[in-house]
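Read through the structure below, which is laid out as structure tokens, and then see the notes.
Where a number appears in this text, it was derived from the coordinates with a stated rule and is not lab data. Note that this is a predicted model, so its numbers are computed, not measured. Cβ: placed from backbone, ideal geometry, glycine included. Neighbour counts: every protein chain shown.
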Amino acid sequence: MPRYQPSRIEPKWQEWWESHETFATPRLPSPGGRKAYVLDMFPYPSGDGLHVGHPEGYTATDIVARFERMRGTCVMHPMGFDAFGLPAEEHAIRTGTPPRESTERNIATFRRQLKMLGFSYDWSREVATTDPAYVRWTQWIFLVLFDTWFDPEAQRGRPIAELPIPADVAAAGEPAVARFRDAHRLAYQSEAPVNWCPALGTVLANEEVIGGVSERGGHPVVRIPLRQWMLRITAYADRLDRELDDLAWPESIKKLQRDWIGRSTGAEVDFFLPPADAHADAFAAWKQARAAGGFPAAPGDDVLRVYTTRPDTLYGVTFMVLAPEHPLVDRLTRPEHRAAVSAYQEAAARKSDLDRTDLAREKTGVFTGASAIHPLTGRPVPIWIADYVLATYGTGGIMAVPAHDDRDFEFATTFGLEVVTVVEPADGAETAAGTLFTGRGRAVQSGPYTGLDTATFIARVATDLADAGQGRPAVNYKLRDWLFSRQRFWGEPFPILHELDAAGEPTGRVRPVEEASLPVPLPPLADFKPGDSPDPPLSRAGHDWLFVEREGVRYRRETNTMPQWAGSCWYYLRFLDPANTDRFLDPEVERAWMPVDLYVGGAEHAVLHLLYARFWHKVLFDRGHVSCREPFGRLVNQGMILGEMEFTGYRAATGGWISADRRSPADTPVRLPAEQVEKQGEHFVLRDMPTVRVESRAHKMSKSRGNVVNPDQVVRDFGADSLRLYEMFMGPLEATKPWSTSGVGGVRTFLERCWRLVVDERADALEPASQLCDDPPTDGQLRELHRMIDKVTRDIQALSFNTAIARMMEFVNFCTPLDRRPRAILEPFVTVLAPFAPHLAEELWEVLGRAAPVSLAQWPTVEERWLHDDTVEIPVQVQGKLRGRIVVPTDADPAAMQAAAVADPRIAELLAGKTVAKVVAVPGRLINFVLASPGTTS
RNA sequence: GCCGGAGUGGCGGAAUGGCAGACGCGGCGGACUCAAAAUCCGUUGCCCGCAAGGGCGUGUGGGUUCAAGUCCCACCUCCGGCACCA
């Protein structure tokens, strides 16, 4: 009668934990005790509900949190919702439902599903980024960014009030000072060209544009100039790079971040631009002025400044290239080239990123008719414009060295420009003139530098250029400043006011909303439809929201909103002190819990979320609001869960089967049941037609493919403990792995075996199995128990849950046949099972007559003495091939092992008449007899 | 193109340079049953052999080593990311 019934026991224990506040975390960890902050990347509550991918990471952290709790650690394990997001906004536009309504509904679904899985979150700490009490502090942090400038000397952010004002700025009066400050804030406005997506009615960040179309929806994107809020993340580029060093993150993630930051070192070099009516000695005069005055901070109009990582190739410069948007292009272009240049510029502006990057890699460009003077040789160098040079990187212009840069080489080849070799491979290999060599080596045809190796050349020419005032060492980053505003109505409003003049026009002056007035609420909107201009939807809000007065001056609110990233940049801090109305986080609480000890989430956030959150954290650190430089100590990315393995055959248009390796896009895929398929050698083929190969693979879950697994359904069919356990048993946490419904059945069977180990299934009432007894356990049972505990303990710490579960299965396999099952081994087993299958463990604990909850029971201690055997079985190899086994004392030395091995009749026979050249005996592991090869004497 | 990661039975996977395939799914056999399901027990890499036993096996080809899934070199395939950053 009392079968294992998850549908009965799971809700029961979830209610028990909730009513007993089993997982409530105190404000501060107990003094002197250990703390663990175990964090999941909180989800975006989409309308589809939880996906089976979510519980993977959540179960992993839940096991760690429960395990640590049982070991007496004070555990912080919160959950919340990253609830601003485009889908709610699109839903509002489609249906007219206010986004807050649908969002709250979705959160309720997510919360129900998460609770259904028995995660041990402290739900009293739940936060949603859309909650006005949360938005208040997101806006407050924006004001911290607005109030901060980056001091490059100190390499840290400081209050804007401490920004030194140059004398000439101060002399120009208060508006100039304000402008100077605004230009140095970490949050600033910019008129830069942005990715405007007409279909979505918004501007997108570079990283939201994939191959020229929007990441969401794949709509076309065009570049237009628009006033935007930017965050000066580039100021922190160096620290974001260097301070990765000490983090316990996967090296691959660190590398991803480093590559994204893209630090490179090289030099800036000025090429003199002679005026049209220049005297022959204009260059000499310029050189003299530079030698006296040094290298200016800003290039000025008389030079073309370029950035290069290879100043050692200066003598190989045969032309220069400017981005079409480069500010000097118009002035440089000679009248006879004006038409072509303008046409090219217009075409480039119209081109989407797709056209500029993906299609036909062929280089395009036009000649401006102008030349610059090479700083070392004094020779004129023609100036071109081409869209392979980016306006937004370096100085927007390059010195082209076609012999040693593949892009320049391609351009030179296309337009028949000169190629001059100035570097040869260091190994002296011959290079034909006019060929490409991008490696490092030795300089040739390089004036006084000829013969130098690349590194020496770079160091020396940098010094020489600096002395001559013609160049300086420079560092550049691929990382761009963070485009932080969106033209959306479902996001945090900026706490910023724009001053208006008497005519109601903006004066360009802004003021922050005072802290006491936060949060700036989202205004109610009558209509959610996007406009056809890039004007933000909030500009259509009622005037009582839009216009405010301060000290007799009228202001218009900022109508952009923050991107979804904003809320997720600091939620891990708010969890620590979620109800605080006085500050965003109590410093005492922050010092006690930070940093996060374990952070688990999807690899899709490897770059952006983690980089943005680190950036905000560093600013908060610089401004004294948090105590550590880095927020996340140990980071782990869970892998993706794919759909069930599928076999796909292909039918040709004529109707016949076509082998998967010879199919064309015109053939129709047909999903095949496993029975129609068999493996033949390397490939799967049709069982009835073995010449036809069949594709076998698992695909990403997607609605269109129809292979999405719904957690509600799995819980209904198998129970939450089975879902948890299966997701952990599938394979390594970090790996991508396919779903298998029969695999879920397998772990369900295991849980039923656990149940029967303790419960008498044939009794009428819920009572212990008849085999349960109070016998003292045998040595063999204790050995089995302690080895299991030891392995599971170590595996949880290594996040190797699949092997931990395998070991528990072995333990159950060991116990099942026992006619008498000592309580003294079953009870510790139930405690070890508890973090993995908490509902079942609680129920079994109760059946065993112990006081609930097992969730807070003590984790069993491993008794070392049961981990070691007196004797050990050791393989015996002859010539590296396994030929027998011997049993020897565990501490047997090589001589004893050898004696035991030769005493084995089979081994003795194999060695008879042979010369043993060498014996390799590894105590406790193996023994190998190496024979002298025939004809060799030893 | 560049940068990661991965290739092990029919499938998911396990293995500090030391007995390849733990554990699970699936398969096969048995016990229980009138029968089936459930359960319990056994078995299950491939090939030869009645057996004892032998041979071959971790994507491919080389190498280091007494010993390689594991280390080194070259290559192939799949998955993920980046993509003119001078």
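Taking the Cα centre of segment A:28-129 as the origin, how large is its charge dipole in debye, to the nearest 20, when only Lys and Arg (+1) and Asp and Glu (-1) carry charge on their Cβ atoms?
Numbers: 12 positive and 12 negative charges, 98 e Å.
For segment A:28-129, the charge dipole is close to 480 debye.
Taking the fewest neighbouring Cβ atoms within 10 Å as the starting point, the ordered list for A:Trp616, A:Trp137, A:Trp16 is A:Trp16, A:Trp137, A:Trp616. The residue list A:Gly743, A:Trp755, A:Phe411 was ranked by how far each Cα lies along the charge dipole of chain A toward its positive end, using unit charges on Cβ atoms, and A:Gly743 comes out on top.
The distance from the alpha carbon centre of segment A:436-507 to that of segment A:840-875 is 60 Å, rounded to a whole number.
Between A:Glu499 and A:Thr691, the simple label model (points 7 Å from Cα in the Cβ direction) yields a spacing of 8.5 nm.
What is the sum of charges, Lys and Arg at +1 and Asp and Glu at -1, for the other residues whose Cβ falls under 9 Å from the Cβ of A:Thr73?
Working: positive: A:Arg34, A:Lys35, A:Arg69, A:Arg71; negative: A:Glu68.
Net of charged neighbours comes to +3.
As an exercise, identify the trypsin sites (Lys or Arg not before Pro) in segment A:611-656 lying in DSSP coil whose Cβ has no more than 15 other Cβ atoms within 10 Å. Write out the running numbers ahead of the final one.
Numbers: sites: A:Arg614, A:Lys618, A:Arg623, A:Arg629, A:Arg634, A:Arg651; in loops: A:Arg623, A:Arg629.
Passing both the DSSP loop test and the Cβ count: A:Arg629.
Sorted largest first, the principal axis extents computed over the alpha-carbon atoms of segment A:64-131 equal 51, 20, 16 Å. The helix-only estimate of mean residue ellipticity at 222 nm for chain A, built from DSSP H runs of length n ≥ 4 each weighted as -39500 (n - 2.57), is -10000 deg cm²/dmol after division by the residue total. Centroid-to-centroid, using Cα positions, segment A:398-412 and segment A:88-144 are 52 Å apart. The 3J(HN,Hα) values that the Karplus relation (6.51, -1.76, 1.60; θ = phi - 60°) gives for segment A:458-464 are, in residue order, 4, 4, 6, 5, 4, 5, 4 Hz. Gly and Pro appear as x. The residues A:Arg105, A:Arg762, A:Arg181, when put in order of fewest to most other Cβ atoms within 10 Å, stand as A:Arg762, A:Arg105, A:Arg181.
Classified by the C-alpha gyration tensor, segment A:869-931 has a prolate form. Its axis ratio a/c, with a ≥ b ≥ c, is 1.5 or above, and a/b is larger than b/c.
To the nearest ten degrees, helix A:720-729 and the longest principal axis of the Cα atoms of chain A are 70 degrees apart. Oblate is the label for segment A:713-863. Its Cα gyration tensor axes, ordered a ≥ b ≥ c, give a/c of at least 1.5 and b/c at or above a/b. Along the axis of the charge dipole computed for chain A (Cβ charges of +1 for Lys and Arg, -1 for Asp and Glu, origin at the Cα centre), the listed residues A:Trp490, A:Ala161, A:Ser342 are led at the positive end by A:Ser342. Overall size of segment A:477-578 from C-alpha positions, given as principal axis extents largest first: 44, 37, 35 Å.
Largest first and in whole Å, what are the equivalent-ellipsoid semi-axes of segment A:663-732 based on the Cα gyration tensor, each being the root of 5 times an eigenvalue? Don't skip to the end; give the middle numbers.
Numbers: eigenvalues 197, 52, 26 Å².
Each semi-axis is √(5λ); the values are 31, 16, 11 Å.
Counted over segment A:265-476 with a bin width of 5 Å, the fraction of Cα pairs per bin, in whole percents, is 1, 7, 15, 19, 20, 17, 12, 6, 3, 0. For segment A:265-476, a crude dipole built from +1 on the beta carbon of Lys and Arg and -1 on the beta carbon of Asp and Glu, taken about the Cα centre, is about 240 debye to the nearest 20.
The long axis of helix A:6-20 is offset from the longest Cα principal axis of chain A by roughly 70 degrees.
Once you've got the Cα coordinates, tell me which of A:Lys115/A:Lys737; A:Lys12/A:Lys703; A:Lys478/A:Lys529 are over 27 Å apart.
Working: A:Lys115/A:Lys737 25 Å; A:Lys12/A:Lys703 33 Å; A:Lys478/A:Lys529 36 Å.
Table pairs above 27 Å Cα-Cα are A:Lys12/A:Lys703; A:Lys478/A:Lys529.
Computed about the Cα centre, the dipole magnitude for segment A:869-931 is approximately 440 debye when only Lys and Arg (+1) and Asp and Glu (-1) carry charge, each at its Cβ. Which Cα, out of A:Ser371, A:Ala433, A:Leu304, lies furthest along the positive dipole direction of chain A (beta carbon charges, K/R +1, D/E -1)? The Cα lying farthest towards the positive end belongs to A:Ala433. Compared with the dominant Cα axis of chain A, that is its longest principal axis, helix A:801-815 is turned about 0°. At q = 0.11, 0.13, 0.14, 0.15 Å⁻¹ the log10 of I(q)/I(0) for segment A:234-371 amounts to -0.65, -0.85, -0.94, -1.03, computed by Debye summation with a single uniform scatterer per C-alpha, solvent ignored. Reported value for segment A:95-144: 98 Å³ per residue, from the convex hull of its C-alpha atoms.
Which number comes out as Rg/Rh for segment A:625-756 once both Rg and the Kirkwood Rh are worked out on C-alpha atoms?
Computed over Cα atoms, the ratio is 1.13.
Given 37 °C and 0.692 mPa s, compute D for segment A:818-938 with the Stokes-Einstein relation, Rh being the Kirkwood radius over Cα pairs; round to the nearest whole µm²/s. Spell out each step's value before the answer.
Working: Rh = 18.3 Å.
Translational diffusion coefficient: 180 µm²/s.
Take the Cβ atoms of A:Arg263 and A:Glu863, set R0 to 41 Å, and the FRET efficiency comes out at 0.20. Past the 52 angstrom mark, what percentage of all C-alpha to C-alpha distances in chain A do you count? Value for chain A (Cα pairs over 52 Å): 37 percent. If you take all other residues with their beta carbon under 15 Å from the beta carbon of A:Leu931, and give Lys and Arg +1 and Asp and Glu -1, the sum is +3. Only aspartates and glutamates eight or more places from A:Lys254 in sequence, or on another chain, were considered; those with a Cα closer than 16 Å are A:Asp238, A:Asp241, A:Glu243, A:Asp245, A:Asp246, A:Glu604, A:Glu630, A:Glu734. Could you go through segment A:157-167 in sequence order and give the Karplus-derived ³J(HN,Hα) for each residue, using 6.51 cos²θ - 1.76 cosθ + 1.60 with θ = phi - 60°, rounded to whole Hz, and x for Gly and Pro? Calculated HN-Hα couplings, in order: x, 9, x, 4, 5, 8, 5, x, 9, x, 4 Hz.
Please report Rg over Rh for segment A:646-697, where both radii come from the alpha carbon positions and Rh follows the Kirkwood definition. Could the numbers behind the result be given before it?
Values: Rg = 9.9 Å, Rh = 10.7 Å.
Rg/Rh for segment A:646-697 comes to 0.93.
So which chymotrypsin sites (Phe, Trp or Tyr not before Pro) in segment A:698-777 are both in a DSSP loop and have at most 13 other Cβ atoms within 10 Å of their Cβ? In loop regions of segment A:698-777 (DSSP not H, G, I, E or B), there are no sparsely surrounded chymotrypsin sites (Phe, Trp or Tyr not before Pro). Can you give me the long-range amide H partners of A:Phe271? Hydrogens built in the peptide plane at 1.01 Å from N, cutoff under 5 Å, separation of 5 or more residues or another chain. Answer set, sorted by chain and number: A:Leu304, A:Arg305, A:Val306.
Taking K and R as +1 and D and E as -1, what net charge do the other residues with C-beta under 13 Å from the C-beta of A:Glu515 add up to? Here the count lands on 0. Take the alpha-carbon centre of segment A:313-344, take the same for segment A:275-306, and report the distance between them in whole Å. Result: 18 Å between the Cα centres.
Arrange A:Val475, A:Val317, A:Val420, A:Val626 by Cβ neighbour counts within 10 Å, fewest through most, would you?
A:Val475, A:Val420, A:Val626, A:Val317
Using amide H atoms built in the peptide plane, which far-off residues or other-chain residues are under 5 Å from A:Asp387 H to H? HN-HN under 5 Å from A:Asp387: A:Thr364.
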